[in-house]
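For reference, the structure is listed below as structure tokens.
The values are calculated or read from the model by the stated rules, or taken from the named source; none is laboratory data. Please read these numbers as outputs of a predicted model, since none were measured by experiment. A quick note on method: Cβ atoms are made from the backbone with ideal geometry, for glycine too, and the neighbour counts reach across all protein chains shown.
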Amino acid sequence: MRANDERSSEFLRHGAYLCLGLSPGGRPTGAAAPVPALAERLGLRNEFEPGEGPPGDAIAFLRRIEATAGDLTDEGLERADAVVHVASASSDVVTKFCAEAERVLAPAGGVRVLRGGVRPMVYTGNAMHNFAYAHRVLPQAGAAMPNAFLLPMSKTAAWWAKDWMERHTYFLPRYDDDGKMVNEGHALASAAGIACLMRRTYKHDREPAPAGSYDFVTYFECADADVPVFHEVCAALRDVSRNPEWKFVREGPTWRGRRVATWHELFT
């Protein structure tokens with residue numbers, strides 16, 4: 001007799017970032033009403049004021065500050081004037097929002113959709129959960145944590161050729177035969193952000209993701225005082241002497257925005 005008790009890897013939550021690139025003179029004044037109305041019809045709660053805990057079905061509005069090119073060219077994200085985030089436990093809600101929003105917004109400019117979902121944690125036992133997640137920052141009001149960073153990435157074919165046990169080792173520190181730490185690994189290299197960065201990762205439903213898509217779409221929020229910490233964490237993760245995992249990472253653009261309370265504020 002066997003337990004036959006494998007844990008599911010199905011998405012627990014679905015989400016999408018709609019990256020809006022406006023053509024000259026293409027501010028979607030005519031489309032301003034349908035988007036808020038669509039959000040209301042689908043029961044999406046505004047993340048700018050999250051209330052007690054994160055909203056179940058959510059929407060958020062991000063206004064561009066700047067963008068920095070990455071290893072992977074993605075003009076749709078890099079040139080986006082605004083980003084709209086939508087999330088739900090139901091894939092149908094996200095699909096309906098994306099389809100209708102793309103239809104309404106297409107005449108004003110390009111729409112690049114980055115979509116994925118949240119899976120159960122793969123490499124996280126009790127000890128790692130207590131280190132990395134037990135005291136993590138939960139969603140805060142937009143006034144408290146106004147800065148938003150969107151950073152998609154993919155792993156190389158060499159990464160996906162490794163079995164899951166070998167991939168697991170890159171997230172932990174490595175030590176030599178005398179017990180001296182050789183490098184920090186992902187967990188320690190990013191530790192400075194645990195206390196101040198709200199982080200969210202959407203994964204593609206295929207591993208690896210198909211061409212033109214990302215394996216991971218990562219997102220961060222923070223207070224003004226903690227923007228340097230975001231850059232510190234990124235620098236530490238990118239340093240392959242500290243974090244060898246990044247030899248296998250190819251980043252898209254890093255897009256930085258400001259969280260705003262309403263759709264209308266994106267274009268004023």
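Quick look at the numbers
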quantity: Residue within region 78-89 that is part of a loop (DSSP other than H, G, I, E, B) and more than 18 Å from the chain's Cα centre (by Cα) present; calculated: no
quantity: Residues located in region 222-268, provided they are out of contact with any strand residue (DSSP E or B) (no Cβ under 7 Å at 6 or more places or on another chain), of a type in the set (Gly, Ala, Ser) and within 24 Å of Thr73 (Cα to Cα); calculated: Ala235, Ala236
quantity: 2 or more residues within 20 Å of Arg136 (Cα to Cα): qualifying helices (runs of 4 or more DSSP H) within region 158-268; calculated: 185-189, 227-238
quantity: Tally, over region 90-128, of residues that are part of a helix (DSSP H, G or I), among the polar types (S, T, N, Q) and touching a residue at least 24 places away in the same chain (Cβ under 8 Å); calculated: 1
quantity: Ala141 vs. criteria touching a residue at least 40 places away in the same chain (Cβ under 8 Å) and more than 22 Å from Glu207 (Cα to Cα); calculated: yes
quantity: Residue satisfying all of: in region 112-127; over 18 Å from Leu12 (Cβ atoms) and hydrophobic (A, V, I, L, M, F, W, C); modelled with the lowest pLDDT among these; calculated: Ala127
quantity: Matching entry among Phe131, Phe171 (being touching a His at 6+ places or on another chain (Cβ under 9 Å) and surrounded by 11 or more Cβ atoms within 10 Å (Cβ to Cβ)); calculated: Phe171
quantity: Val260 vs. criteria in contact with a helix residue (DSSP H, G or I) (Cβ under 9 Å, 6 or more places away or on another chain), within 19 Å of Ala60 (Cβ to Cβ) and hydrophobic (A, V, I, L, M, F, W, C); calculated: yes
quantity: Region 86-111 - residue that is among the β-branched types (Val, Ile, Thr) and crowded, with 18+ Cβ neighbours inside 10 Å and, of those, modelled with the lowest pLDDT; calculated: Val104
quantity: Given (1) within 17 Å of the chain's Cα centre (by Cα); (2) exposed (fewer than 11 other Cβ atoms within 10 Å of the Cβ); (3) in contact (Cβ under 8 Å) with a residue 12 or more places away in the chain, number of the condition Arg206 does not satisfy; calculated: (3)
quantity: One residue from Leu197, Leu150, Leu237 being surrounded by 15 or more Cβ atoms within 10 Å (Cβ to Cβ), touching a Gly at 6+ places or on another chain (Cβ under 8 Å) and in contact (Cβ under 8 Å) with a residue 40 or more places away in the chain; calculated: Leu150
quantity: Residue list for region 10-48, filter: assigned to a loop (DSSP other than H, G, I, E, B), at negative phi and at pLDDT below 90; calculated: Ser23, Pro24, Gly26, Arg27, Pro28, Thr29, Gly30, Ala31, Ala32, Ala33
